[in-house]
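To keep things clear, I will list the structure first and then write my remarks on it.
Just so it is clear, none of the values below were taken in a lab; they were calculated from the coordinates. Predicted, not measured: the structure shown is a model, and the values here were computed from it. Neighbour counts are summed over all protein chains in view; Cβ atoms, including those assigned to glycine, are modelled from backbone coordinates with ideal geometry.
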Amino acid sequence: MPFRPNTGKTDMKRRQFLSLAPAAGLAALPAGIAPAAGHGGAPALHEAQRRSVGDITVTALSDGGISLGHAPLQGISEEDYAAILRAGFHDPAGYTSGVNAFLVETGALKVLVDAGTGGFFGPEVDNLPANLAATGVAPGDITHVFATHLHPDHVGGALRDGAAVFPAAELVVHEADRAFWGDEGRFADGPEMMQAFAGLSQAVLAAYGDRLRVFDAETEIAPGLTALPLPGHTPGHSGLMIASGNDALLIWADIVHVAPVQLARPEVTIGFDVDPAQAAASRAAILDRVAAERLLVAGSHIPFPGLVHIAADGSGYRAVPAAFDYAAN
Ligand SMILES: [Zn+2]
């Protein structure tokens, strides 16, 4: 089998979450505060799954899993949260979100969409390097790292011991995220966790130096690969639309963090959203679009491999897992 399901559960460290949460309700805690230790701290043998999109190959790569619980969600009672998860045959006490990255191969290009945590949240969620290696792709082969945004679970793995992990890659990111997280003064008096997030962002931006490439609107960054701004979670939060022939796939990044809940109730936001109202508006708009267009979606935090179709369901939506692509694996 090309992937091993993450069967790990974790003790919900909600007390820990609450004790560390900033009093202002600003959610500055890393999602990985409750890593799912499904691998006992060891890298998975191989958690990668390929998908063909026309002439482009997309490989979902697992970095691990995290349990967020109800605490960081805004706009839903704990009872409703539990009921939605139980209805989807999930354990409300231990629902595990994925931390997924995606390797996109087209022609001579190897584009890594997000780079995992790099161990920022502990060793249990740092499996991307091993899973990338298992595909036969070396860090030096990566031509671009497309950062959907500059949160540590997306760019932490672009840096190791202060150096760029991908020595030949351009780092591609929305200008609004570069400006926000790269502003050294903005977080000086802010919550410790925001300072940590910003500090990591700035180190990543510095490590890629003149290999940084920014965009500020919907932009084709390579043939068939179009950056699609979906702001709110962070100012420059962006998806990547992949299109080839008659096929298309949207990597929508952090449109949902607890998928069953935020699909059923798209108005539910998460404390990590920089602008929750804008994040909810972006979510509503893209859900409407992908459901209407029957577009295949890949999510950063949808349980691995994170590939789903989205169907309208009552006042919300539900995910229908994409069938395994036998031809591509
Ligand atoms: Zn994320």
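Which whole-number percent gives the relative contact order of the stretch 45-328, counting Cα pairs below 8 Å spaced six or more residues apart?
Relative contact order for the stretch 45-328 comes out at 19 percent.
With a 10 Å Cβ neighbour count serving as the proxy for reagent exposure, in which order, fewest first, do Thr234, Thr219 appear? Present the calculation step by step, with values, prior to reporting the outcome.
Working: Thr234 28, Thr219 16.
Least crowded to most crowded, the residues run Thr219, Thr234.
What is the sum of charges around Thr148, taking Lys and Arg as +1, Asp and Glu as -1, for the other residues whose C-beta is under 11 Å from the C-beta of Thr148?
Result for the neighbourhood of Thr148: -4.
For the stretch 45-328, give me the percentage of DSSP beta bridges that are antiparallel, rounded to the nearest 5 percent.
The antiparallel fraction comes to roughly 75 percent.
What does the charge add up to near Thr59, with Lys and Arg as +1, Asp and Glu as -1, over the other residues with Cβ less than 14 Å from its Cβ?
Result for the neighbourhood of Thr59: -3.
Any idea what Rg and Dmax come out to for the stretch 38-132 if you just take the C-alpha atoms, in Å?
16.2, 50
Order by neighbour count: Glu47, Glu192, fewest other Cβ atoms within 10 Å first, most last.
Least to most surrounded, the residues fall as Glu192, Glu47.
Working from the alpha-carbon coordinates of the stretch 227-313, get Rg over Rh, Rh being the Kirkwood radius.
0.94
Can you give me the Cα centroid spacing of the stretch 250-311 and the stretch 137-209 in angstrom?
For the stretch 250-311 versus the stretch 137-209, the Cα centre distance is 23 Å.
Around Leu103, what is the net charge, scoring Lys/Arg as +1 and Asp/Glu as -1 over all other residues with Cβ under 14 Å from its Cβ?
Neighbourhood net charge equals -2.
For the chain, list the DSSP H helices whose alpha carbon atoms reach 20 Å or more along the long axis and whose average Kyte-Doolittle value is 0.0 or above?
Counting only whole DSSP H runs, the qualifying helices are 192-208, 276-293.
What 222 nm value per residue comes from the helices of the chain, counting each DSSP H run with n ≥ 4 as -39,500 (n - 2.57) and dividing by all residues, nearest 500 deg cm²/dmol? Could the numbers behind the result be given before it?
On the way: 8 runs with 76 residues, N = 329.
When only DSSP H runs of four or more count, the value is -6500 deg cm²/dmol.
Apply 1/(1 + (r/R0)^6) to the Cβ-Cβ distance of Asp55 and Glu78, taking R0 = 41 Å, and write down the FRET efficiency to the nearest 0.05.
For R0 = 41 Å, the calculated efficiency reads 0.30.
Would you mind computing the Rg to Rh ratio of the stretch 88-169 from its alpha-carbon coordinates, Kirkwood style for Rh?
Computed over Cα atoms, the ratio is 1.03.
Report the gain in length on full extension from Asp183 to Phe324: 0.36 nm times residue separation, minus Cα-Cα distance, nm rounded to one decimal. Walk me through the numbers before you get to the answer.
Numbers: separation 141, 0.36 × 141 = 50.76 nm, distance 4.24 nm.
Going from the current span to full extension adds 46.5 nm.
Mind listing the Cα extents of the chain along all three principal axes, in Å, largest one first?
50, 45, 39
Using r as the Cβ-Cβ distance of Ala292 and Leu109, and R0 as 45 Å, what FRET efficiency do you calculate, to the nearest 0.05?
0.90
How big is the stretch 165-284 on each of its three principal axes, counting only the C-alpha atoms and giving the largest first in Å?
Between the extreme Cα coordinates on each principal axis of the stretch 165-284 lie 45, 37, 23 Å.
Calculate, for Asn246 and Asp216, the FRET efficiency according to 1/(1 + (r/R0)^6) with r their C-beta to C-beta distance and R0 30 Å; round to the nearest 0.05.
Working: r = 30 Å, r/R0 = 0.99.
For Asn246 and Asp216, the calculated efficiency is 0.50.
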